[in-house]
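Enquirer: Pasting a structure below so you can have a look.
The values are calculated or read from the model by the stated rules, or taken from the named source; none is laboratory data. This structure is a prediction, so every number in the text was calculated from the model and none was measured. Counting neighbours? That spans all protein chains shown, and the Cβs are built from the backbone with ideal geometry, glycine included.
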Amino acid sequence: MKALVYEDVNRIALKDMPRPRLEDDEDAVVRATATTICGTDIHLVNGKTPQMRPGQILGHEMVGVVEEVGDKVANFAPGDRVVVPSTIACGRCSMCRQGEFAHCLTVLGGETAFFGGPETAGGFAGLQAEFARIPFADVGMLKIPDDVDDDAALSLSDIFPTAYFAVDNAQVSDGESVAVFGCGPVGLYAVLSAATRGAIPIFAIDREPERLELAARFPEVKVIDFTRDDPVEVIGRETGSGADVVIDCVGMEATDASGRPQPSAAQMYALRCVRHTGVISIVGLYGELESYPLGQLVSKNLSVVAGNCNHRAYLAELLDYIRAHSKDGKFVWSHRLPFGQIERAYDMFINKKDGMVKPLLTM
Ligand SMILES: [Zn+2]
Ligand SMILES: [Zn+2]
């Protein structure tokens, strides 16, 4: 089968790889019908996340059709259309039973396990492949109803649940003001998720015109190009107090307003844009920052919530949502390309060529 393989820092290749087989009674093998590229993949490829093993298949978002199931898989049969959530969990340990699937004790003793990641994330073969082995298949897949197409279902693999988790973690409620830093795919879904909770106004902050244009489709949204306007000033003026909630979908690959890399830029904005006693919710990826102004957290009485998404905890609810609002399941797909062009899609995605927001790669 064809799969996208990590070879070395900044070197990937679409290669022939052995087709995965059932290795455990609880596994399924899925034939992909569509996959995509995520910002996380870029961190893995560019060496920002160490411990990637050469030969590892990348990717953690997939929809497909079940080919084979192990003897102990009860909920699925060959031929079922499924979406595969990015993280891997057993579904029955004490953490999974509390809905904390990203910290399953069985798979990695509490560390987050995900497809196509480094050894520290379990080293599981990724989903940018024609076939994939899905461990703990009964909780590791969600059936796609006939009236939901692949384009919409693929948003449930990672971006929509991750964004919804950020909003849910901050307990965003009706009438609250929310500032979303970073309007990539997760940020755009954070805007959507905040809107579904009744947040108003929602500030969407980025520098890429294509992303801001997509954010502007929501009536509650005021877009801010931070290279032109200062978010601190705009949000302060519009809210009087600062935003009730700031959501950081940027992480450490941030730039300042002049375009220079500055890993703490999004957090510095968050601290200044949030109101006293407000909440900062972080789903952007961070390594270690050298310094963080803890004093500002204390003096503003802030709460910080952060973490890896518990995808499974939200899948049923979000599937219902995209069934009722099918356009919202697919508004971020800026390009549709055949899977055979995934290397080109990586280049376009990394370098934001041709206004790429997120590519849908079909088999
Ligand atoms: Zn992702
Ligand atoms: Zn578990």
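Enquirer: Could you name every one of the strands (runs of 3 or more DSSP E) located completely within the range 4-91 that has at least 1 residues being in the same structural domain as residue 330 (by TED's automatic domain parsing) and within 14 Å of ligand 1 (Cβ to nearest atom)?
Expert: Answer list for the range 4-91: 28-36, 62-69, 81-84.
Enquirer: Would you mind telling me which numbered condition in (1) at positive phi; (2) in contact with a Ser or Thr (Cβ under 6 Å, 6 or more places away or on another chain); (3) not β-branched (Val, Ile, Thr) residue 47 fails?
Expert: (2)
Enquirer: Same structure, new question: Under the condition of being without any contact (Cβ under 8 Å) to a residue 24 or more places away in the chain and outside any loop (DSSP other than H, G, I, E, B), which residue from the range 318-332 is farthest from residue 158 (Cα to Cα)?
Expert: Among those that are without any contact (Cβ under 8 Å) to a residue 24 or more places away in the chain and outside any loop (DSSP other than H, G, I, E, B), it is 324.
Enquirer: Filter the range 333-343 down to the residues that are within 22 Å of residue 31 (Cα to Cα) and not in a strand (DSSP E or B), then identify the one that is nearest to the chain's Cα centre (by Cα).
Expert: The selected residue is 333.
Enquirer: So, in the range 265-283, exactly how many residues are under 13 Å from residue 304 (Cα atoms) and within 19 Å of the chain's Cα centre (by Cα)?
Expert: Number of matching residues: 5.
Enquirer: Taking only the range 211-250 into account, find how many residues are of a type in the set (Phe, Trp, Tyr) and either over 20 Å from residue 195 (Cα atoms) or more than 26 Å from the chain's Cα centre (by Cα) (or both).
Expert: 1
Enquirer: Just to be sure before I move on: is residue 159 farther than 30 Å from residue 55 by Cβ and touching a helix residue (DSSP H, G or I) at 6+ places or on another chain (Cβ under 7 Å) in the structure I sent?
Expert: no
Enquirer: Would you check if residue 132 is within 16 Å of ligand 1 (Cβ to nearest atom), more than 20 Å from residue 251 (Cβ to Cβ) and crowded, with 24+ Cβ neighbours inside 10 Å?
Expert: Judged against the criteria, residue 132 is a match.
Yes/no matrix, rows are residues, columns are (1) more than 22 Å from residue 145 (Cβ to Cβ); (2) free of Cβ contacts under 8 Å to residues at least 60 places away in the same chain:
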| position | (1), (2) |
| --- | --- |
| 259 | yes, yes |
| 269 | yes, no |
| 279 | yes, no |
| 286 | yes, yes |
| 290 | yes, yes |
| 294 | yes, yes |
| 297 | yes, yes |
| 314 | no, no |
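Enquirer: For the range 1-44, how many residues meet the condition of being closer than 22 Å to residue 336 by Cβ and not basic (Lys, Arg)?
Expert: Total satisfying the criteria: 17.
Enquirer: For the range 250-273, does any single residue satisfy the condition of being part of a strand (DSSP E or B), out of contact with any His (no Cβ under 7 Å at 6 or more places or on another chain) and buried (at least 19 other Cβ atoms within 10 Å of the Cβ)?
Expert: no
Enquirer: Residues that are in the same structural domain as residue 358 (by TED's automatic domain parsing), under 15 Å from the mean Cα position of the chain (by Cα), outside any loop (DSSP other than H, G, I, E, B) and over 20 Å from residue 32 (Cβ atoms): does the range 116-131 have at least one?
Expert: no
Enquirer: I need a count of the residues in the range 180-204 that are within 24 Å of residue 157 (Cα to Cα), buried (at least 24 other Cβ atoms within 10 Å of the Cβ) and more than 15 Å from the chain's Cα centre (by Cα).
Expert: So the count comes out to 2.
Enquirer: Right, here's the next one. Quick check, is residue 136 within 16 Å of ligand 2 (Cβ to nearest atom) and under 23 Å from residue 33 (Cα atoms)?
Expert: Numbers: within 16 Å of ligand 2 (Cβ to nearest atom): yes; under 23 Å from residue 33 (Cα atoms): yes.
For residue 136, the condition - within 16 Å of ligand 2 (Cβ to nearest atom) and under 23 Å from residue 33 (Cα atoms) - is met.
Enquirer: Restricting to the range 101-112, and then to whatever is on the phi < 0 side of the Ramachandran plot and away from ligand 1 (no atom under 14 Å from the Cβ), can you tell me which residue is surrounded by the most Cβ atoms within 10 Å (Cβ to Cβ)?
Expert: Among residues in the range 101-112 that are on the phi < 0 side of the Ramachandran plot and away from ligand 1 (no atom under 14 Å from the Cβ), the one surrounded by the most Cβ atoms within 10 Å (Cβ to Cβ) is 101.
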